[in-house]
Structures are given as C-alpha cells and as structure tokens.
C-alpha cells in the first residue's frame with residue numbers, strides 16, 4: 001500500500017520528484033561518495049588484512065576498559081566515529097564475516113558505531129550551515145561523548161582475555177594478505193555497497209521534495225538528515241540542540257543504508273534503540289553546553305535514575321542473585 005501511495009505521488013508531481021532526485025544525485029557525487037567510500041575501502045582492507053588485530057589490541061587498552069568492547073569492536077567504533085554514516089556499519093559486517101566478533105556483539109555495536117563523520121559535521125554543518133568551525137567542533141565532540149555513553153550501555157562486556165599487542169602483531173605478519181588481491185576485493189564489495197547507499201539517498205531526496213513540512217523542518221531531518229539540518233539551521237544557533245539530536249539520529253535514509261550495507265545480516269531492533277537513545281543524549285548534552293540550568297538539573301535526574309535502574313536490573317537478573325534466591329527458597333521449603 002505504501003509503495004502504491006509513493007508511486008502515485010511520483011506520478012502526480014513529476015517535476016518535484018525530478019528536482020529532488022537530481023539534488024540527491026548531486027549530494028551523492030559531491031559529498032557521500034568522496035567522504036564515505038575511501039573510509040569504507042581503508043577499513044575493509046584493515047580488517048581483511050588482519051591488521052585490525054594489533055590495532056584493536058592497542059585501542060582496547062583504553063576503549064575496552066571504558067566501554068567493555070572487544071578489540072575488534074574498538075576498531076569498528078573508531079571507524080564509525082571517523083568514517084561517517086555507513087562506514088561503521090560496514091566495518092561491523094566485515095568484522096563479523098572475518099569471525100572477529102559474534103553476531104550478538106555485532107548487533108550491539110551497530111547501536112553506536114554508525115555515526116556522522118568529522119567531514120560532514122565540521123565541514124558541511126559547522127562551516128556550511130552555521131558559518132562557524134567552532135560550532136562544528138562542538139557538535140563533533142558531543143557526538144563522540146554520546147557514542148561513548150551509548151557504548152557503555154549497549155556493548156555489554158565482550159573483552160575476554162586481554163590480548164598482547166606483540167602476539168597480535170606476529171599473527172598479522174604471518175597471515176597478512178597480498179595487497180593487490182586485498183584492494184581489488186575490497187573495492188568490488190564496497191563499490192556495490194556505496195551504490196546501494198546512493199539509491200536510498202536519491203529516493204529519499206525525491207520523496208522529501210513532495211512532502212510539505214512547512215513549519216516543522218525537524219520532520220525532514222527524521223527522514224533525511226542533511227536536508228533536515230539544512231532547513232533547521234536557517235532558524236539560527238538556538239537550534240543547535242535539535243541539530244545535534246538529528247546528527248545522532250541520522251535519519252531513516254541512513255538507517256536503510258546501514259541495513260543495506262550490512263546485507264540484512266542483523267536484527268536492527270537494538271540499532272534503532274541505540275539511535276533513539278543517542279539522539280536524546282546528544283540533545284541534552286548540547287543544551288547543557290548552551291548553559292541552560294533547568295536542563296542541567298533534568299540531565300542529572302535522568303542520568304541518576306537511568307543508572308540506578310540499570311544497575312538494579314543488572315543485579316536482579318545476575319546469575320549470582322538468581323542462585324541465592326533459589327537457595328533461599330529450597331531452605332524455606
């Protein structure tokens with residue numbers, strides 16, 4: 001039914017659809033492909049070459065302790081922070097296919113590894129939309145902190161035994177692949193993935209062109225993040241918390257891209273929970289930086305309540321507590 005409605009709308013508004021599709025294609029050529037494809041290619045080569053093992057062992061010393069991520073998960077996290085939307089998701093899939101992480105860990109990593117990259121946040125949003133490099137840096141820092149908080153919530157504890165950097169480096173040297181084969185294979189796989197991502201961007205751009213958002217440009221960002229932030233930023237810098245939330249959310253276009261880049265391998269339920277939580281945290285953190293004391297109080301109460309409930313549930317459902325309850329029931333009986 002939905003597809004019938006969309007096709008009918010396309011037929012009724014052909015000029016707007018054509019304009020929107022052209023804008024989406026221009027976005028792909030000028031921004032998405034140049035910024036995303038190199039990161040996807042490099043991260044894929046790093047993982048396939050096994051170089052991610054010594055790199056992950058180094059990153060795990062800090063990130064693993066803070067968040068509970070495994071060494072391979074730490075590589076996915078860094079790729080997601082630096083590579084932009086799609087690069088983190090693709091890195092998770094590559095790590096899963098190379099058997100460096102389990103399916104359970106992969107689905108948890110997706111919740112906080114698919115983020116906007118520094119090129120988009122600082123260049124497009126900060127300088128392009130707000131004419132301020134400092135605004136871009138602030139939004140990028142907020143996203144890093146938000147991702148770390150979500151990593152602590154969703155990653156669980158997949159660290160296992162701490163791996164030696166030396167032993168992982170020796171493993172890489174023994175098992176590294178031939179460079180030409182590695183690059184060719186990665187280029188073919190990621191070229192196909194980037195085309196799929198561009199298809200979603202062009203389609204959503206066409207849909208957005210015929211939807212009347214009017215006084216609610218935020219709704220455009222729920223569907224397609226670049227268009228939504230562009231519209232919201234025209235109001236002024238007072239919309240920065242909203243812009244920060246949209247950056248962390250990413251838009252439905254990005255979510256469909258992530259699912260396509262992961263080849264439908266994973267259940268996306270945890271992913272959507274992570275994006276909703278990260279958008280809320282990013283909104284509150286940006287409000288806090290803006291100096292709103294009422295929001296500061298609200299953040300303190302919410303964070304305190306969250307961790308209280310989280311650790312209470314973790315204790316109640318821990319195997320040790322369940323065994324203790326079982327022993328008490330047997331003694332009473």
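Overview of values
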| item | result |
| --- | --- |
| Residue 107 vs. criteria in contact with a helix residue (DSSP H, G or I) (Cβ under 6 Å, 6 or more places away or on another chain), at pLDDT 85 or above, within 16 Å of residue 261 (Cβ to Cβ) and surrounded by fewer than 24 Cβ atoms within 10 Å (Cβ to Cβ) | yes |
| Number of the exception - residue 128 against (1) modelled with pLDDT under 90; (2) within 30 Å of residue 234 (Cα to Cα); (3) touching a helix residue (DSSP H, G or I) at 6+ places or on another chain (Cβ under 8 Å) | (3) |
| Positions within the range 217-252 being at pLDDT 85 or above, assigned to a helix (DSSP H, G or I) and within 24 Å of residue 90 (Cα to Cα), in sequence order | 221, 222, 223, 225, 244, 245, 246, 247, 248, 249, 252 |
| Candidate set: the range 226-267, residues that are on the phi > 0 side of the Ramachandran plot and free of Cβ contacts under 8 Å to residues at least 12 places away in the same chain; chosen: the one farthest from the chain's Cα centre (by Cα) | 236 |
| Positions within the range 160-212 being in a loop (DSSP other than H, G, I, E, B), surrounded by fewer than 19 Cβ atoms within 10 Å (Cβ to Cβ) and in contact (Cβ under 8 Å) with a residue 24 or more places away in the chain, in sequence order | 160, 162, 164, 176, 177 |
| Condition check for residue 18: over 23 Å from the mean Cα position of the chain (by Cα) and modelled with pLDDT of 85 or more | yes |
| Selection status of residue 50, without any contact (Cβ under 8 Å) to a residue 24 or more places away in the chain and either touching a strand residue (DSSP E or B) at 6+ places or on another chain (Cβ under 9 Å) or at positive phi (or both) | no |
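The values are calculated or read from the model by the stated rules, or taken from the named source; none is laboratory data. A quick note: this is a predicted structure, and the numbers were derived from the prediction, not measured. With ideal geometry, Cβ positions are generated from the backbone for all residues, glycine too; neighbour counts draw on all protein chains shown.
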